[in-house]
Each structure stands twice: as structure tokens, then as C-alpha cells.
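The values are calculated or read from the model by the stated rules, or taken from the named source; none is laboratory data. Treat the numbers as computed from the prediction; the structure is a model and nothing was measured. Quick reminder, even Gly has a Cβ in these numbers, built from the backbone with ideal geometry, and neighbours come from all protein chains shown. Ligands, DNA and RNA are excluded from the accessible area calculation, which covers all protein heavy atoms including side chains. Shrake-Rupley method; radii C 1.70, N 1.55, O 1.52, S 1.80 Å.
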Amino acid sequence: MIIIMNAPTEEQMNRILNKLMVNNLEAKTIAIQDKIMITASGGTEARHTELYSRMPGVERVVAVSTPFKLVSREFCADNTLVHVGSATFGDKYIPVIAGPCAVESYEQVRQTAVAVKGAGAVMLRGGAFKPRTSPYSFQGLEYDGLEILSAVGRETGMPVITELTDPRLLDSVDQHVDMIQIGARNMQNYPLLKEVARSKKPILLKRGPASTIEEWLMAAEYIMSGGNNQIVLCERGIRTFETYTRNTFDVSAVALARHLTHLPVIADPSHGTGNWRLVTPVAKAAVAAGADGLIIEVHPCPEEAMSDGPQSLNPVNFAQLMKETSEVAKAVGRKLGDLI
Ligand code: PEP
Ligand code: MN
């Protein structure tokens, strides 16, 4: 159950909290914008919701049957729209984020940005702190990478996104980007989720490589209950027995997550497949399944990429992806990127 209160007095709050305690319902108080929400584990029966909705200071009470509460469709039937610069996630229009896996140099990012913008991408991605499987692999340009990404974003008029890998880096990353990515490996890094909830920037939350949909939505609940409701979910493939692809892209997760939550759900067919030849077909499948956006790795010369070259598109193939996927978007009554 979620009890929504509009500017309650301290006394009204305490009466609710005391009653929840007497009823043995565990409560958590959350301030989101001008509202106070009290979530209670349990209390889904009509007698509970009726009782609390009559108490002073209460605007309404919503019974939520799932363990994720604030992010659930039961709590909020309408799609949440997440705005990043001129891009809006969760609407008819489908924004495309594109750019290199890792920031390697100013020239590499600038060249990529100009190419992807020309093809209709509305946001620029680039990793500065890279979570690599091997400690011997390129770890990213770190602070210099943040500077390069934000400079190119300003010069090209594109909002930028990068991954936050460590709670200690929040302030530096926050200052340089328009959206913060929580990577798949960190989806259940709870101190990181609590820290990023402090940011006023929108968050892109990737699904963990071995996470259930419920675990993914519970991770989003950490961010939202920490006070940041600007969250976009990203399906990026899960680990299965298949070895011909890097991950198995779970297209049903896109449709299911959109049913279970009011948050926008986007797709990452680059990490979802690990193979540039599969990126366009899977992008099309994701858009057909209802994806609210795409994030695509693009490199001016994928053969020379310092990370994720095999799954990166070159600018020509990216333009082709945009062309083909916009036809699918049209077929499902939506519009892709900056293309009409
Ligand atoms: C990335 O976007 O470059 C990345 C590391 O993605 P993921 O967390 O999905 O592996
Ligand atoms: Mn990558």
C-alpha cells in the first residue's frame, strides 16, 4: 500500500506512522517533489486502504500487490515521461542514444557525434570509467573522458550520458552529463543506487546480466524511493547457455516491463547481442515490442575500437539502422529519433 499525503502536518504524519506500527506494517517515508509518500509492506486489503484514506492529511491510498511499489503500474497508470534535453522517453517519439562504448579521444567522440546526429540520434553516449571484465583491458580515460564527452555534447548540442561505476564519483559525473547510466554489473550495487538517487539527473538503469525482471524493478525502486523518479530502464540481454551471442536479448522483457511499470523501457541491442550484424535486426524487434528508445554503440572505425569493437556499428551501418528501424516505428504508430 502507498499512502500519498499532500503537505501533511507533523501530527498528521505521526498519526499515520503510529497506526501502521500498531497494524504491524513496516513503513518508509519518501519525499518526491511536493508529495510525501508512505509505503507500507502489506496492507493491500480494502479495509486497510479505506481506513488510511479517511485519515487527515491523506490525499489517496493505493493498494499495490507487487514488491516494487513506486515504480509499479498499479501505483501510476500513466507512462512517466523522462526528459533529457530535447529528448523525451516514454512518449510516441522514440529517442536514440548513440556513441562509442568508450571515450578514446576528442576527435573520435566528435566524429562519432557528428555522424550519429546527422543520422537522427538525439543523445550521445560514451564511457569514461569503464567496468571491464579484465583488469588488463582499457579502463577508460576517466576524468579526461568526462571532459571530452561534455565538450563534444556542448559543441554538437547533444545531451550526453556516461556510466557511474563508483559512489565516490557521483559529483564529478553529475557535473558533466545530462543523464547517468547505472551499468548491468552494478544493477544490484545498493550503495551506488542509493547514492545516485541523490542526483537530480535522469538515470538509465540497465538490467543485470543474470537478473530477473522483479530484481531489476526492485533496483529501480531503490532509486525512486531514494527521491529520484526520473528513471529509464534498459534491457541489454541476459546470460544464457548460448555462446554464439554475447548475451541473449530478452525481447519479452521490454514488453513485460512496460506492462509492470510506468517507467520508460529502452533497448541496448549492442550489448544484447555482442555482434554488429545482429544490432539492426534486434533494434527493430525491440521497437516492434514497444521499446521507448534505443542505445547503440557506434565507432568511426570499429576494428580499431579500444572496447566493444565487434558489436559497434560504423556510421554507415548506423544510418542504415536508423532508416530500417524508423519503418518499424512507423508501423507501430511511433516515430524514431529525429527522422520523420
Ligand atoms: C556500456 O554501456 O558500455 C556497458 C558497459 O553496458 P552494460 O553495463 O550493459 O554491460
Ligand atoms: Mn560497451
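Within the chain, the whole DSSP H helices whose Cα atoms reach 15 Å or more along their own axis and whose mean Kyte-Doolittle score is at least 0.0 are 213-225, 276-288.
Sorting 119-128, 68-77 by their mean Cβ neighbour count within 10 Å, with the most densely packed peptide first, gives 119-128, 68-77. Across all Cα atoms of the chain, the radius of gyration (one decimal) and Dmax (whole number) stand at 20.8, 65 Å. On a per residue basis, the chain carries 43 Å² of accessible surface, using protein heavy atoms and a 1.4 Å probe. Extension gain for PHE241 to PHE138 (0.36 nm times residue separation, less C-alpha to C-alpha distance): 34.4 nm.
Would you calculate the separation in nanometres between label points at SER65 and THR156, each defined as 7 Å from the Cα along the Cα-to-beta-carbon direction? Those two pseudo-labels are separated by 4.6 nm.
Given a 1.4 Å probe and every protein chain left where it sits, what share in percent of the accessible area of segment 82-336 is carbon and sulfur? Carbon with sulfur: 53 percent of the solvent-accessible area. Listed by chain and number, the lysines placed with their C-alpha closer than 29 angstrom to that of LYS201 are LYS28, LYS35, LYS69, LYS92, LYS117, LYS130, LYS284, LYS335; residues fewer than eight positions away on the same chain are left out.
Using 1/(1 + (r/R0)^6) with R0 = 35 angstrom and r between the beta carbons of LYS323 and CYS301, what's the FRET efficiency to the nearest 0.05? Taking R0 as 35 Å, the efficiency between LYS323 and CYS301 is 0.95.
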